[in-house]
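Below you'll find the structure, written out as structure tokens, and then a few comments.
Laboratory data are not the source of any read-out in this text; all were calculated from the coordinates shown. Quick caveat, the model's predicted, so the values are computed rather than measured. Neighbour counts are summed over all protein chains in view; Cβ atoms, including those assigned to glycine, are modelled from backbone coordinates with ideal geometry.
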Amino acid sequence: MTQSPGAQFERLLEIMRRLREPGGCPWDREQTRTSLKPFLIEETYEVLEAIESGDTAALQEELGDLLFQVVFHAQIAVERGEFDMAALLGRLAATVGTPREALVQWEAIKQREAHTAGRRRSVIDGVPRALPSLLRAQRITSKASRVNFDWPDARAAWTKVEEECREAADALAADDRARLQDELGDVLFSLVNVARLASIDAEEALQGAIEKFRRRFTGMEDDLSAQGKSVGSVSQAELERSWDAVKAQERRR
């Protein structure tokens with residue numbers, strides 16, 4: 001008979017506790033919150049890759065690995081006398097309702113915690129600095145939009161992209177590297193706003209563009225190889241002709 005999810009979860013917590021005990025796994029015992037950070041990030045990205053691949057078996061495996069990281073951090077909290085898994089799950093369950101209610105309640109909890117700690121909490125707090133830049137920009141601007149600090153729509157936001165592009169062009173013409181870096185950052189940030197307002201994930205859009213470039217570049221290498229050439233042995237003009245040929249072939253497919 002298959003055990004219930006609750007029983008399986010209790011078993012997982014017990015396994016984690018034993019791994020951290022004296023006489024448990026030496027590697028697990030020496031881990032800290034800081035040492036586990038790279039693994040938490042890595043497992044998160046592997047979940048995302050499994051989602052993108054559509055491989056449900058891989059998704060099941062990677063979600064399990066990510067859950068193990070959560071359990072690991074909870075066990076460290078138990079050892080430090082901070083909280084246990086029951087408290088973590090209870091707090092999570094307390095925020096569940098309609099999506100809007102959950103969001104409002106979550107923000108209220110965060111505000112109370114900040115007040116108790118004697119600090120001010122910004123509307124845009126809570127977005128991890130470790131996130132990829134495009135995703136972080138999208139999350140921060142999404143938070144700002146909750147208090148109506150936003151463009152009315154994607155078309156309106158595009159005017160800011162055009163403005164920032166002109167300023168970046170001026171910096172490039174002036175050969176002002178510091179200013180150019182600042183202006184290019186503004187261009188990217190403005191593009192994220194357009195993507196968000198158009199209900200497009202900016203990170204996913206860029207990943208798609210990167211994959212398209214990779215696919216076309218390797219196609220160009222194959223095209224030249226079939227002619228007995230390599231990308232390092234031909235002129236730029238010939239590279240561009242081969243690139244255009246690959247693009248045309250891709251469109252025909």
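If one computes P(r) from the Cα atoms of segment 186-239, what percent of pairs lie at distances over 18 Å?
On the way: 742 of 1431 pairs.
Result for the distance tail: 52 percent.
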Could you tell me how many degrees, from 0 to 90 and to the nearest 10, lie between the Cα long axis of helix 33-53 and the main elongation axis, the longest principal axis, of the Cα atoms of the chain? 60 degrees
In segment 13-84, if every C-alpha pair distance is counted and binned at 10 Å from zero, what percent goes to each bin? 20, 44, 27, 9, 0
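Strictly greater than 14 Å: what percent of every Cα pair in segment 37-77 meets that? Display every interim value, and only then the final one.
Details: 357 of 820 pairs.
Value for segment 37-77: 44 percent of Cα pairs lie more than 14 Å apart.
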With a 10 Å radius around each residue's Cβ, average the other Cβ atoms per peptide and rank 225-234, 70-79, 158-167, highest first. 70-79, 158-167, 225-234
Between segment 126-191 and segment 54-89, how many Å separate their Cα centres? 35 Å
Derived scalar couplings ³J(HN,Hα) [segment 178-195; Karplus, 6.51 cos²θ - 1.76 cosθ + 1.60; whole Hz; x for Gly, Pro]: 5, 5, 4, 4, 5, 5, 5, x, 5, 4, 4, 4, 5, 5, 4, 4, 4, 4
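Sort 28-41, 211-224 by the packing proxy (mean of other Cβ within 10 Å over each peptide's residues), most packed first. If you can, show how the numbers build up before the last one.
Working: 28-41: 12.1, 211-224: 13.9.
Top to bottom by mean Cβ count within 10 Å: 211-224, 28-41.
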Can you tell me, using C-alpha contacts under 8 Å and at least 6 residues apart, the relative contact order of the chain as a whole percent? 10 percent
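Using the alpha carbon gyration tensor of segment 103-253, what are the three equivalent-ellipsoid semi-axes (square root of 5 times each eigenvalue), largest first, in whole Å? Could you put the intermediate results ahead of the total?
Details: eigenvalues 352, 76, 47 Å².
They are 42, 19, 15 Å, listed largest first.
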What percent does the relative contact order of segment 118-217 come to when contacts are Cα pairs within less than 8 Å and at least six residues apart? 30 percent
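Charges only on Cβ, +1 for Lys and Arg, -1 for Asp and Glu: so what's the dipole of the chain about the Cα centre, in debye to the nearest 20? Mind dumping the intermediate values first?
Details: 36 positive and 44 negative charges, 138 e Å.
In debye, rounded to 20, the chain gives about 660.
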Using alpha carbon positions and the Kirkwood radius, the Rg to Rh ratio of the chain is 1.06
How far, in degrees from 0 to 90, does helix 236-252 lean away from the longest principal axis of the Cα atoms of the chain, to the nearest 10? 70 degrees
If one takes the longest principal axis of the Cα atoms in the chain, at what angle in degrees, from 0 to 90 and to the nearest 10, does the Cα axis of helix 202-226 lie? 50 degrees
If we restrict to alpha carbons, what Rg and Dmax does segment 111-171 come to, in Å? 15.6, 48
Using each residue's phi in segment 159-165, evaluate 6.51 cos²θ - 1.76 cosθ + 1.60 at θ = phi - 60° and report the 3J(HN,Hα) Karplus result to the nearest Hz, with x for Gly and Pro. 4, 5, 4, 4, 5, 5, 5
